[in-house]
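Only the coordinates and a few stated rules stand behind these numbers; no lab work does. The shown structure was predicted, so the numbers you read here are calculated from the model rather than taken from an experiment. Ideal geometry is used to build each Cβ from the backbone, glycine not excepted, and the neighbour counts take in all protein chains shown.
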Amino acid sequence: MSLDIDMKSMKSKPIEIRDFQSSDAEACFRIRAEAFIRLFYEEIGPDGVVDGINAYLPGKYIHLAEALPIFMAVAGNAQIGFIASRFVEHTTIEILFLYIKLDNLRKGIGAQLVRFLENWVRKQHPEIERIVVDTAVPKYNQKFYEIMGYSKVGQSKCQYPTGSVAAVRLMKRLR
């Protein structure tokens, strides 16, 4: 299997991956909300969509970025995607979010963000042995993570302020 990358559009807009800035919070909120509304509704229903969107309003991204690594994918002046992670134990980091602006899907941006995070972890935190990700929408994105080298290791729950949603846990060993 290969990632369906539109190389023509990638050449026209070089992608920069940089640290999150507080001015990125609104874009993160909008990118994530659009995915919940347009892509995940069928899989998680209206309550799941509302809970997912409301769990991370713009100010929450600013607060999270004070303690967690968040990276933005930018093309020109436009924020087109982001990845956020958190340390869950001494040897494990978790991908909290990976979202791409919908008109930029299938262009390899998600893969670039995942590889960037993996390389950042290897360089900045060599004690980390594995990356985990919980997906509440496995029908939509489990295959992507498997292509990126992640394997299903079980079931889990994604926690929202109003409750939890069933999820699939995937993992990749870094060494």
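DSSP loop GluC sites (Glu not before Pro) in the stretch 20-92 with at most 11 other Cβ atoms within 10 Å of their Cβ, which ones?
Values: sites: 26, 34, 42, 43, 66, 89; in loops: 66.
Within the stretch 20-92, the qualifying GluC sites (Glu not before Pro) (loop, at most 11 other Cβ atoms within 10 Å) are 66.
Amide H contacts for residue 157 (H built 1.01 Å from N in the peptide plane; partners 5 or more residues away or on another chain; cut-off under 5 Å): 167.
Scanning residues 5 or more positions from residue 96 or on other chains, those with amide H under 5 Å from its amide H are 84, 85, 86, with H placed 1.01 Å from N in the peptide plane.
Give me the Kirkwood hydrodynamic radius of the chain in Å, from all C-alpha pairs, to one decimal place?
Working: mean 1/r = 0.0605 Å⁻¹.
Kirkwood hydrodynamic radius for the chain: 16.5 Å.
In sequence order, the stretch 135-140 has phi-based couplings of 10, 7, 10, x, 4, 8 Hz under the Karplus curve 6.51 cos²θ - 1.76 cosθ + 1.60, θ = phi - 60°, and Gly or Pro positions carry x. Here the label points at residue 129 and residue 43, each 7 Å from Cα along the C-beta direction, are separated by 2.9 nm in the simple model.
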